[in-house]
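J.: This structure is in structure tokens; I'll ask about it shortly.
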There are 2 protein chains.
Amino acid sequence: MSEGATTSRAASASATREAIGKAGRRLFNRQGYAGTSVRQIAAAAGADPALVIRYFGSKERLFLETMPVEGRFDHVTNGPLEGLGRRLVASLLTESPELTFSIWRSMLRASDSELVRERLVSAMEEMFIVPLAPRLVGPHAELRARLVAAQISGLLDAVAILADERITEASDEQLIAFYGDSIQTLVDVPADPVGHDLGDPLDEQN
Amino acid sequence: MSEGATTSRAASASATREAIGKAGRRLFNRQGYAGTSVRQIAAAAGADPALVIRYFGSKERLFLETMPVEGRFDHVTNGPLEGLGRRLVASLLTESPELTFSIWRSMLRASDSELVRERLVSAMEEMFIVPLAPRLVGPHAELRARLVAAQISGLLDAVAILADERITEASDEQLIAFYGDSIQTLVDVPADPVGHDLGDPLDEQN
DNA sequence: GTCTATACGTCGATAGAC
DNA sequence: GTCTATCGACGTATAGAC
């Protein structure tokens, strides 16, 4: 039998697949989804463009496979509620932030695709809502957890997409203190629980 | 002379241009930038695809012309600082929110383009930073104003891009209260001014 | 000046030969 | 398992008809 040849061909195949995946990850992170072509990835991997589709099905699915979205904030979301806001921002800004920003930038801009959008939603869910919502005390815990996630999105937008220089150049300490404390208001038990029926200027205690 | 003919041709030209612009605006808002083709716009306007380029220069510039980004929050950013956070969120959620969300969605996803990104940045600057920064009291006023803008981005992401159903289905009152009060933390004079070793330790008056 | 016809180069994806 | 050839669609450009 020609087992030797078969094995070596299979080995070469999986090696090619891996090379394509690696090149895809690098190029997607550097130039985004739309800015990267299948032909470019193939060239960088030393492979034929048709193999990119053959191994991964589509450019879209290759993209999803190259975007790692594990839970990178467990140690914060599982920690004490006191000061959690600040620690969340600190974790975001100090633990391989460039990779986080790059992934956020690429995925948000590619969220035209339903698959990408769904992945983005489920990633936020896993990283923030699931661990945080059941721990929050007070009314509307899940909604508040989701609003915490929204605020994280906002900070990511500012630094990774809009690239606001005034924020980018600010010290981590300042960002952690200001933005973290703002997030903390959603973590803490709300002082005035939304109230009776807003739209009514009855809040004289403010 | 053939002035009559010339005039009618010119009128037809500007009418065609307008039809293209209108079709572009509608399609971009409905399907986003990448999901809309020049040929599609031309067909919807009853014009030739080449005219789209002729009148607007490129698909990118047509897109920018169809995205209105005026200052829609002046009445809030110029109002009293007390309760400004809540009024900002309220304004966002109640004053033609669908249009706001649609524009945000389209522009963020098209921010691969430098021109689009710059427009997005300058729009945020005009709408929030310029009116708000000089009014905030306390240290790091501009940075805090920019972080307010970041939080607005986060809420827009949640409703317009991620389409978080739990947030979308929440009552405006809840969102206004929770998210607005969180934003208010950045508007109010910070209780603990970031601290001691921060480059400018002279703000003891807070 | 206003517009049509046509073409160029590139894209993601596929079929089928080796 | 790999590659060649090719498809239809895209953004864009231009020559030339009215």
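J.: Sequence neighbours fewer than 8 away in the same chain don't count; with that in mind, list the lysines whose C-alpha is under 27 Å from A:Lys59.
T.: Of all the lysines, those that pass the test against A:Lys59 - Cα under 27 Å, at least 8 places apart if same chain - are A:Lys22, B:Lys59.
J.: Could you line up B:Val137, B:Val116 from fewest to most neighbouring Cβ atoms inside 10 Å?
T.: Least to most surrounded, the residues fall as B:Val137, B:Val116.
J.: Next up: What is the diffusion coefficient of the protein assembly as shown in µm²/s, taking the Kirkwood radius over Cα pairs and the Stokes-Einstein relation at 10 °C with a viscosity of 1.306 mPa s?
T.: 67 µm²/s
J.: Here is a follow-up. Provide an ascending nm list, one decimal, of label-point separations from B:Arg135 to the equivalent residue in each further copy; define each label point as 7 Å from Cα along Cα→Cβ.
T.: Between copies, matching label points for B:Arg135 lie 3.7 nm apart.
J.: Kirkwood hydrodynamic radius of region A:74-187 from all distinct Cα pairs, in Å?
T.: Value: 14.5 Å, from the Cα pair sum.
J.: Note down the net charge around B:Pro80, summing +1 for each Lys or Arg and -1 for each Asp or Glu among other residues with Cβ under 13 Å from its Cβ.
T.: +1
J.: Under 17 Å from the 7 Å Cα→Cβ point of A:Val130, by amide nitrogen: which residues of region A:78-99?
T.: Label zone hits: A:78-79.
J.: If you don't mind, there's one more thing I want to ask. Viscosity 1.306 mPa s, temperature 10 °C: what is the translational diffusion coefficient of region A:3-66 from Stokes-Einstein with a Kirkwood Rh over Cα pairs, rounded to a whole number of µm²/s?
T.: 135 µm²/s
J.: Which order results if B:His140, A:His140 are arranged by neighbouring Cβ count within 10 Å, fewest first?
T.: A:His140, B:His140
J.: Relative contact order for chain A: what percent, with Cα pairs under 8 Å and sequence separation of 6 or more?
T.: This gives 21 percent for chain A.
J.: Further, regarding this structure: What is the fewest-to-most order of B:Arg146, A:Arg109 by other Cβ atoms lying within 10 Å of their Cβ?
T.: So the ranking, lowest neighbour count to highest, is A:Arg109, B:Arg146.
J.: Give me the one-decimal nm value for the distance between modelled label points at A:Glu142 and B:Ile53, 7 Å along each residue's Cα-to-Cβ direction.
T.: Here the answer is 5.1 nm between the modelled labels.
J.: Moving on. Helix check for chain B. Which DSSP H runs span at least 30 Å along their own axis by Cα, with a mean Kyte-Doolittle hydropathy no less than 1.6?
T.: Counting only whole DSSP H runs, no helix qualifies.
J.: Scale the Cα Rg of chain B by the rule-of-thumb value 2.2 N^0.38 Å and send over the ratio, two decimals.
T.: With N residues counted in chain B, Rg over 2.2 N^0.38 Å equals 1.31.
J.: A further question follows. At 222 nm, what helix-only mean residue ellipticity would chain B give, in deg cm²/dmol to the nearest 500, using -39500 (n - 2.57) for each DSSP H run of four or more?
T.: Using -39500 (n - 2.57) per qualifying helix, the result is -19000 deg cm²/dmol.
J.: Only Cα pairs within less than 10 Å get springs; with that Gaussian network setup on chain B, which residue of B:Gly21, B:Gly180, B:Gly154 has the largest fluctuation?
T.: Judging by the Gaussian network model, the answer is B:Gly154.
We did not get these values from a lab; they are worked out from the coordinates using the rules stated. Because the structure is a prediction, the values reported are computed rather than measured. Counting neighbours? That spans all protein chains shown, and the Cβs are built from the backbone with ideal geometry, glycine included.
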